[in-house]
Amino acid sequence: MASVIGWYGPLIDLSDAVSHIGDFVQLLVLVHRCNPVQYKLAKGGEVLRTDIQVGDNTMPFFTVSLWQKQMAAMAVAGDVILLQNVKITKFGRFVEATTVQFSSLLPLIHPYELLASKGVDDLLRECRAGKTTKDKLVLVIKWVQRTGSALCGIRSNSFQKKQLPRNWKVPEQSEFRDLFLLSEVLLLRKPCKASFSASAGEIFLPITWRALGESEKESMFVSRRIMSVQGSNVVEDFTCIGCQSCGSPLDLDNGSIFKQISASYFCPKTSDHLHIAGLIYRPFMLYVWDESEYVPLLVRNKAAEILFGNLKAERVYSSYKEQKHAQNCKQKDIGKQHHRKNINFHMIWLVLVKMMLQQGKNSPLRFEVAVNPSLDIENGKFEMVSMSIPCIRTKCSSC
């Protein structure tokens, strides 16, 4: 299929996008709406992309993410455009297209009123494109002229009426269950909040962002690692750049069972659905147990802070880097470090984790979890919301 510029894939209908996941394609579409999306950064600045809602004669609505500002400036609602060399991607059940460095956008018809006021032949005479592109353009023009008034109303009202799919969920009210045994927790089949007492037995941290040898895979079980000499650098694997609100890592290399929470474009925890980037604890699985059963709990950043004595990831990691730097300095520099009397939050964090994972010697904690029956147990069916230390009334006069 020829073109005046280099094409890295075929010109396809939007309805065929699901058959081209991972491929580069060309799209000839009508732009319904342009929506700038931004990531808030904890220390200022922002990273921008623009999502455009487009359609053609085979599918009325489809999302394309534009990552180049100059390209986003060329996308105007009502225009018919040719998107060249865009990549088809899939996140969960959502299929969309995204631009890369060598993608381009070519406006073919502007503005929208021309589609209604001129005939197909007149519009084609003003278009400089090859036969294949013109054939597709004819189909799109006829589709727009046939459904133009309906599309106009949808463009102005669809987002307010929430008729289009979105990749975040509106929080729902759910019942609260206070349970006595973990075996009762495993029987829950409906969305709810559950509270129970259990002891912490293990932390499983899936290391998927770097290659591990066979002998290193055991390091993903934190109890084995933190008691060894190599345990001092475990904080490097525990922390990453992510959203401080929802706890999702913002690096797309994080995989395995946590892909679904690392690749989301929208934050479900903020009112504007924008991620707040900063240093966070990576999602991990906390295995808790009682005399009846054991249950893995998905723990994200906010819950991890509670679990680790309200120590934020940024504070622990900064303390770790200072400690590591001091160990590499000359003796006089180390003396200055001690003179400042900095609190060693990294060491406090290590002690807390070690005490929590002393299986058979730790006391039961009180956990509150959110239950999502649509997920498997090992994929986050039970997500930790909060944790508290049960109050022993015979020793606590304030209760």
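The table below gives the values:
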item: Theoretical FRET efficiency, 1/(1+(r/R0)^6), r = Cβ-Cβ of Phe176 and Ile306, R0 25 Å, to 0.05; result: 0.85
item: Most to least packed among 241-249, 59-67 [average Cβ atoms within 10 Å]; result: 241-249, 59-67
item: Linear extension gain, His110 paired with Arg366, 0.36 nm per residue minus alpha-carbon span; result: 86.0 nm
item: Extension reserve of the Ser183-Ser19 stretch, reckoned as 0.36 nm per residue once the Cα distance is removed; result: 54.7 nm
item: 5 angstrom amide H check on Ile109, placed H, neighbours 5+ away; result: Val80
item: Packing-based order for 198-208, 23-33, using average beta carbon neighbours within 10 Å, highest first; result: 23-33, 198-208
item: Which listed pairs, of Lys302/Lys354; Lys90/Lys217; Lys302/Lys324; Lys321/Lys354, have C-alpha distances above 22 Å, in listed order; result: Lys90/Lys217; Lys302/Lys324
item: Net lengthening on full extension, Lys90/Trp289 (0.36 nm per residue, minus Cα-Cα); result: 68.0 nm
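Every number here is computed from the coordinates shown, using simple stated rules; none is lab data. All figures in this text were calculated on a predicted structure; none of them were measured in a lab. Positions of Cβ are backbone-derived with ideal geometry, glycine not excepted, and every protein chain shown enters the neighbour counts.
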